[in-house]
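Asker: Quick one: the structure is below, questions incoming.
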Amino acid sequence: VTAAIRSATSGDAGAIAALHAESWRRFYRGVYADRYLDGDLVADRTAVWGARLAVPEPSTITLICDNEHGLLGFVHVRLDADPEWGALLDNLHVALAAQRQGVGSLLIREAARVTGERSPATALYLWVQEVNVRAQAFYLAHGGRIAGRELVGPPGGDPRNLAGAPYKLRVAWPDAASVGRRG
Ligand SMILES: CC(C)(COP(=O)(O)OP(=O)(O)OC[C@H]1O[C@@H](n2cnc3c(N)ncnc32)[C@H](O)[C@@H]1OP(=O)(O)O)[C@@H](O)C(=O)NCCC(=O)NCCS
(Lines give C-alpha, C1' and ligand atoms only; values in the text may rest on other atoms or scores of the structure.)
Protein backbone atom coordinates (compact mmCIF):
# COMPACT_ATOMS: atom_id res chain seq x y z
CA VAL A 1 0.00 0.00 0.00
CA THR A 2 1.29 3.47 -0.88
CA ALA A 3 0.11 5.52 2.04
CA ALA A 4 1.14 8.20 4.47
CA ILE A 5 0.57 8.55 8.21
CA ARG A 6 -0.24 11.92 9.72
CA SER A 7 -2.00 13.46 12.71
CA ALA A 8 -5.76 13.76 12.26
CA THR A 9 -7.33 17.21 12.12
CA SER A 10 -10.95 18.30 12.60
CA GLY A 11 -11.43 17.98 8.83
CA ASP A 12 -10.91 14.20 9.13
CA ALA A 13 -13.72 13.66 11.66
CA GLY A 14 -16.35 12.71 9.07
CA ALA A 15 -14.21 10.11 7.29
CA ILE A 16 -13.00 8.61 10.58
CA ALA A 17 -16.57 8.41 11.90
CA ALA A 18 -17.76 6.67 8.73
CA LEU A 19 -14.97 4.07 8.87
CA HIS A 20 -15.50 3.56 12.61
CA ALA A 21 -19.25 2.92 12.11
CA GLU A 22 -18.62 0.57 9.17
CA SER A 23 -16.00 -1.37 11.14
CA TRP A 24 -18.24 -1.76 14.20
CA ARG A 25 -21.16 -2.90 12.04
CA ARG A 26 -19.02 -5.62 10.52
CA PHE A 27 -16.78 -6.69 13.38
CA TYR A 28 -18.80 -5.94 16.55
CA ARG A 29 -21.89 -7.84 15.39
CA GLY A 30 -22.95 -10.11 18.26
CA VAL A 31 -21.17 -7.89 20.80
CA TYR A 32 -23.16 -4.69 20.37
CA ALA A 33 -26.91 -5.06 19.78
CA ASP A 34 -28.17 -5.09 16.17
CA ARG A 35 -30.57 -2.30 17.07
CA TYR A 36 -27.64 -0.12 18.09
CA LEU A 37 -25.37 -1.09 15.17
CA ASP A 38 -28.13 -0.59 12.61
CA GLY A 39 -29.32 2.67 14.17
CA ASP A 40 -27.85 6.11 13.65
CA LEU A 41 -24.32 4.96 14.38
CA VAL A 42 -22.70 7.37 11.92
CA ALA A 43 -24.25 10.35 13.74
CA ASP A 44 -23.12 8.86 17.07
CA ARG A 45 -19.52 8.42 15.85
CA THR A 46 -19.52 11.82 14.11
CA ALA A 47 -20.42 13.48 17.41
CA VAL A 48 -17.62 11.61 19.21
CA TRP A 49 -14.92 12.33 16.60
CA GLY A 50 -16.07 15.91 16.03
CA ALA A 51 -15.60 16.57 19.75
CA ARG A 52 -12.30 14.68 19.96
CA LEU A 53 -10.74 16.54 17.05
CA ALA A 54 -12.32 19.98 17.59
CA VAL A 55 -9.56 21.16 19.93
CA PRO A 56 -6.03 19.76 19.88
CA GLU A 57 -5.90 17.71 23.07
CA PRO A 58 -2.39 17.32 24.54
CA SER A 59 -3.24 14.04 26.28
CA THR A 60 -4.43 12.22 23.16
CA ILE A 61 -2.94 11.14 19.85
CA THR A 62 -4.99 10.49 16.72
CA LEU A 63 -3.17 9.28 13.63
CA ILE A 64 -4.63 8.42 10.26
CA CYS A 65 -3.31 6.62 7.23
CA ASP A 66 -4.63 7.72 3.87
CA ASN A 67 -3.82 7.84 0.19
CA GLU A 68 -5.40 9.28 -2.95
CA HIS A 69 -8.34 6.87 -2.56
CA GLY A 70 -9.19 8.11 0.92
CA LEU A 71 -8.91 6.96 4.52
CA LEU A 72 -7.26 3.56 5.02
CA GLY A 73 -7.17 3.46 8.80
CA PHE A 74 -6.92 5.36 12.08
CA VAL A 75 -5.68 4.94 15.63
CA HIS A 76 -6.42 6.89 18.82
CA VAL A 77 -4.38 6.86 22.05
CA ARG A 78 -5.11 8.37 25.48
CA LEU A 79 -1.84 9.03 27.29
CA ASP A 80 -1.65 8.24 31.01
CA ALA A 81 -5.10 6.64 30.95
CA ASP A 82 -4.33 4.23 33.80
CA PRO A 83 -1.78 4.48 36.61
CA GLU A 84 -0.91 0.79 36.30
CA TRP A 85 -1.43 -0.04 32.61
CA GLY A 86 -0.34 3.27 31.11
CA ALA A 87 -1.54 4.74 27.82
CA LEU A 88 -4.76 3.36 26.33
CA LEU A 89 -4.89 2.49 22.66
CA ASP A 90 -8.57 3.30 22.32
CA ASN A 91 -9.36 2.60 18.67
CA LEU A 92 -7.54 0.98 15.76
CA HIS A 93 -9.47 0.31 12.59
CA VAL A 94 -8.35 -0.41 9.04
CA ALA A 95 -10.75 -0.21 6.06
CA LEU A 96 -11.82 -3.68 4.93
CA ALA A 97 -10.27 -3.37 1.45
CA ALA A 98 -6.93 -2.33 2.97
CA GLN A 99 -6.67 -5.02 5.64
CA ARG A 100 -3.75 -7.48 5.87
CA GLN A 101 -1.51 -5.17 3.84
CA GLY A 102 0.48 -3.70 6.70
CA VAL A 103 -1.63 -0.58 7.42
CA GLY A 104 -2.56 -1.68 10.94
CA SER A 105 1.06 -2.47 11.67
CA LEU A 106 2.19 0.97 10.44
CA LEU A 107 -0.46 2.68 12.57
CA ILE A 108 0.21 0.80 15.82
CA ARG A 109 3.99 1.20 15.50
CA GLU A 110 3.76 4.92 14.82
CA ALA A 111 1.17 5.40 17.58
CA ALA A 112 3.45 3.55 20.01
CA ARG A 113 6.45 5.58 18.89
CA VAL A 114 4.68 8.93 19.39
CA THR A 115 3.26 7.67 22.71
CA GLY A 116 6.76 6.81 23.95
CA GLU A 117 8.03 10.18 22.79
CA ARG A 118 5.32 12.11 24.64
CA SER A 119 5.21 9.83 27.68
CA PRO A 120 8.68 8.31 28.08
CA ALA A 121 8.83 4.68 29.28
CA THR A 122 5.03 4.45 29.54
CA ALA A 123 3.25 1.12 29.41
CA LEU A 124 0.52 0.66 26.78
CA TYR A 125 -2.70 -1.37 26.83
CA LEU A 126 -5.97 -1.86 24.99
CA TRP A 127 -9.19 -3.83 25.15
CA VAL A 128 -10.21 -6.24 22.42
CA GLN A 129 -13.52 -8.10 22.22
CA GLU A 130 -13.10 -11.75 23.19
CA VAL A 131 -14.81 -12.82 19.94
CA ASN A 132 -12.41 -10.70 17.84
CA VAL A 133 -9.76 -13.37 17.40
CA ARG A 134 -8.32 -11.77 14.24
CA ALA A 135 -7.46 -8.57 16.07
CA GLN A 136 -6.04 -10.62 18.96
CA ALA A 137 -3.73 -12.41 16.51
CA PHE A 138 -2.63 -9.01 15.20
CA TYR A 139 -1.83 -7.68 18.71
CA LEU A 140 -0.01 -10.84 19.76
CA ALA A 141 2.05 -10.62 16.56
CA HIS A 142 3.06 -7.15 17.76
CA GLY A 143 4.29 -8.38 21.12
CA GLY A 144 1.15 -7.76 23.20
CA ARG A 145 0.28 -10.06 26.09
CA ILE A 146 -3.25 -10.97 27.27
CA ALA A 147 -3.49 -9.56 30.80
CA GLY A 148 -7.12 -9.77 31.88
CA ARG A 149 -10.75 -10.42 30.97
CA GLU A 150 -13.73 -8.22 31.81
CA LEU A 151 -17.32 -7.68 30.75
CA VAL A 152 -17.73 -5.21 27.89
CA GLY A 153 -19.32 -1.94 28.99
CA PRO A 154 -22.38 -0.83 27.01
CA PRO A 155 -21.75 1.86 24.37
CA GLY A 156 -23.47 5.09 25.33
CA GLY A 157 -23.93 3.69 28.85
CA ASP A 158 -27.17 1.96 27.80
CA PRO A 159 -27.24 -1.80 28.59
CA ARG A 160 -29.71 -2.34 25.72
CA ASN A 161 -26.88 -1.48 23.31
CA LEU A 162 -25.13 -4.74 24.19
CA ALA A 163 -25.91 -8.18 22.76
CA GLY A 164 -25.93 -10.44 25.83
CA ALA A 165 -22.96 -10.25 28.19
CA PRO A 166 -19.85 -10.16 25.98
CA TYR A 167 -16.33 -10.21 27.39
CA LYS A 168 -13.25 -8.26 26.38
CA LEU A 169 -9.56 -9.05 26.88
CA ARG A 170 -6.89 -6.65 28.06
CA VAL A 171 -3.77 -6.67 25.85
CA ALA A 172 -0.73 -5.06 27.44
CA TRP A 173 2.82 -4.00 26.62
CA PRO A 174 5.11 -3.10 29.57
CA ASP A 175 6.81 -0.46 27.43
CA ALA A 176 5.25 1.34 24.44
CA ALA A 177 8.67 1.23 22.80
CA SER A 178 8.42 -2.58 22.59
CA VAL A 179 5.30 -2.58 20.36
CA GLY A 180 5.98 -4.36 17.10
CA ARG A 181 8.84 -6.44 18.34
CA ARG A 182 7.88 -10.03 17.91
CA GLY A 183 8.73 -12.73 20.44
C1 LIG B 1 -7.01 -5.80 13.39
C2 LIG B 1 -6.56 -4.81 12.32
C3 LIG B 1 -6.41 -3.42 12.92
C4 LIG B 1 -5.20 -5.28 11.76
O5 LIG B 1 -4.75 -4.38 10.74
P6 LIG B 1 -4.23 -4.91 9.33
O7 LIG B 1 -3.79 -3.75 8.55
O8 LIG B 1 -5.27 -5.79 8.73
O9 LIG B 1 -2.99 -5.85 9.77
P10 LIG B 1 -1.53 -5.93 9.13
O11 LIG B 1 -1.64 -6.19 7.68
O12 LIG B 1 -0.75 -4.74 9.54
O13 LIG B 1 -0.99 -7.23 9.89
C14 LIG B 1 0.29 -7.29 10.45
C15 LIG B 1 0.51 -8.65 11.07
O16 LIG B 1 -0.46 -8.91 12.10
C17 LIG B 1 -0.85 -10.30 12.05
N18 LIG B 1 -2.26 -10.41 11.61
C19 LIG B 1 -3.03 -9.43 11.09
N20 LIG B 1 -4.27 -9.91 10.81
C21 LIG B 1 -4.26 -11.20 11.18
C22 LIG B 1 -5.23 -12.25 11.14
N23 LIG B 1 -6.46 -12.05 10.66
N24 LIG B 1 -4.88 -13.46 11.59
C25 LIG B 1 -3.64 -13.71 12.05
N26 LIG B 1 -2.68 -12.76 12.11
C27 LIG B 1 -2.99 -11.53 11.69
C28 LIG B 1 0.03 -10.96 11.02
O29 LIG B 1 1.21 -11.39 11.69
C30 LIG B 1 0.32 -9.79 10.09
O31 LIG B 1 1.50 -9.95 9.36
P32 LIG B 1 1.45 -10.78 7.97
O33 LIG B 1 0.29 -10.25 7.17
O34 LIG B 1 2.78 -10.48 7.34
O35 LIG B 1 1.27 -12.22 8.36
C36 LIG B 1 -7.55 -4.75 11.14
O37 LIG B 1 -7.71 -6.04 10.60
C38 LIG B 1 -8.91 -4.19 11.48
O39 LIG B 1 -9.12 -2.98 11.42
N40 LIG B 1 -9.89 -5.06 11.81
C41 LIG B 1 -11.26 -4.65 12.05
C42 LIG B 1 -11.44 -3.71 13.21
C43 LIG B 1 -10.86 -4.27 14.47
O44 LIG B 1 -11.09 -5.41 14.83
N45 LIG B 1 -10.06 -3.44 15.14
C46 LIG B 1 -9.45 -3.77 16.40
C47 LIG B 1 -10.36 -3.36 17.48
S48 LIG B 1 -9.66 -3.75 19.09
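Asker: Please list, by residue number, everything in region 138-161 whose backbone N is under 16 Å from a paramagnetic label point 7 Å out along Cα→Cβ of Asp34.
Answerer: 161
Asker: Please give the net charge around Leu41, taking every other residue with its beta carbon less than 10 angstrom from that of Leu41, where Lys and Arg add +1 and Asp and Glu add -1.
Answerer: Net of charged neighbours comes to -2.
Asker: Continuing with this model, one more query. How much net charge surrounds Val31 when only other residues with a Cβ under 15 Å from its Cβ are counted (Lys, Arg +1; Asp, Glu -1)? Please list the in-between numbers first.
Answerer: Details: positive: Arg25, Arg26, Arg29, Arg35, Arg134, Arg149, Arg160, Lys168; negative: Asp34, Asp38, Glu130, Glu150, Asp158.
Combined, the nearby Lys, Arg, Asp and Glu give +3.
Asker: Another question, if that's okay. Grab the Cα-Cα distance for Asp175 and Asp82, subtract it from 0.36 nm times how many residues apart they are, and report the gain in nm with one decimal. Before the final figure, lay out each step's value.
Answerer: Working: separation 93, 0.36 × 93 = 33.48 nm, distance 1.37 nm.
Full extension of this stretch gives 32.1 nm more.
Asker: Continuing with this model, one more query. In debye to the nearest 20, how big a dipole does the chain give about its Cα centre with +1 on each Lys and Arg Cβ and -1 on each Asp and Glu Cβ? Walk me through the numbers before you get to the answer.
Answerer: Numbers: 20 positive and 19 negative charges, 115 e Å.
I would put it at about 560 debye.
Asker: Let me ask something else. Going 7 Å from the Cα of Ala4 in the Cα-to-Cβ direction, what parts of region 107-129 have a backbone nitrogen less than 18 Å from that spot?
Answerer: 107, 110-111
Asker: Additional query: Can you work out the Karplus-derived ³J(HN,Hα) for every residue in region 130-145? Use 6.51 cos²θ - 1.76 cosθ + 1.60 with θ = phi - 60°, whole Hz, and x for glycine or proline.
Answerer: Values, residue by residue: 4, 6, 8, 5, 5, 5, 4, 4, 4, 5, 5, 5, 9, x, x, 10 Hz.
Asker: In whole Å, what are the extents of the chain along the principal axes defined by its C-alpha atoms, from largest to smallest?
Answerer: 41, 39, 31
Asker: Further question on the same structure: Could you give the length gained on full extension between Asn67 and Ala97, defined as 0.36 nm per residue of separation minus the Cα-Cα distance, in nm?
Answerer: Details: separation 30, 0.36 × 30 = 10.80 nm, distance 1.30 nm.
Net length gain for the segment: 9.5 nm.
Asker: Taking the alpha carbon gyration tensor of region 96-183, what are the square roots of 5 times its eigenvalues, largest first, to the nearest whole Å? Mind dumping the intermediate values first?
Answerer: Numbers: eigenvalues 125, 52, 32 Å².
Its equivalent ellipsoid spans semi-axes of 25, 16, 13 Å.
Asker: Mind giving me the FRET efficiency for Asp158 and Ala51? R0 is 22 Å, r the Cβ-Cβ distance, nearest 0.05 is fine. Show your work: numbers first, answer last.
Answerer: Working: r = 19 Å, r/R0 = 0.85.
Taking R0 as 22 Å, the efficiency between Asp158 and Ala51 is 0.75.
Asker: So what are region 3-61's ellipsoid semi-axes, whole angstrom, largest first, if each one is the square root of 5 times an eigenvalue of the alpha-carbon gyration tensor? Display every interim value, and only then the final one.
Answerer: Values: eigenvalues 113, 32, 20 Å².
The answer is 24, 13, 10 Å, longest axis first.
Asker: If you roll a 1.4 Å probe over the heavy atoms of the protein chains, what accessible area per residue do you get for region 25-183, in Å²? Don't skip to the answer; put the middle values down first.
Answerer: Details: 8130 Å² over 159 residues.
Per residue, region 25-183 has an accessible area of 51 Å².
Asker: Enumerate the calculated ³J(HN,Hα) couplings along region 9-16 in order (Karplus 6.51 cos²θ - 1.76 cosθ + 1.60, θ = phi - 60°), each rounded to whole Hz, writing x wherever the residue is Gly or Pro.
Answerer: Karplus values, whole Hz, x for Gly and Pro: 10, 4, x, 8, 4, x, 5, 5.
Asker: Still on this model: Report the net charge of residues surrounding Val131, where surrounding means a beta-carbon distance below 13 angstrom and charges are Lys +1, Arg +1, Asp -1, Glu -1. Show your work: numbers first, answer last.
Answerer: Details: positive: Arg26, Arg29, Arg134, Arg149, Lys168; negative: Glu130.
Net of charged neighbours comes to +4.
Asker: Right, next: If you average the alpha carbon positions of region 1-47 and of region 99-134, how far apart do those two centres end up, in angstrom?
Answerer: With region 1-47 and region 99-134 each reduced to a Cα centre, they are spaced 18 Å.
Asker: What residue among Ile146, Phe74, Pro120 has its Cα farthest toward the positive end of the dipole of region 61-151, where the charges are +1 on Lys, Arg and -1 on Asp, Glu, each on the Cβ?
Answerer: Farthest along the dipole direction, towards plus: Ile146.
Asker: HN-Hα J couplings of region 90-101 from phi, Karplus 6.51/-1.76/1.60, θ = phi - 60°, integer Hz, Gly and Pro as x?
Answerer: 8, 8, 9, 9, 10, 4, 3, 5, 9, 6, 6, 10
The values are calculated or read from the model by the stated rules, or taken from the named source; none is laboratory data. Model, not experiment: these values are computed from the prediction. Positions of Cβ are backbone-derived with ideal geometry, glycine not excepted, and every protein chain shown enters the neighbour counts. Remember, those area values only see protein heavy atoms, side chains included, never the ligands or the DNA or RNA. Shrake-Rupley method; radii C 1.70, N 1.55, O 1.52, S 1.80 Å.
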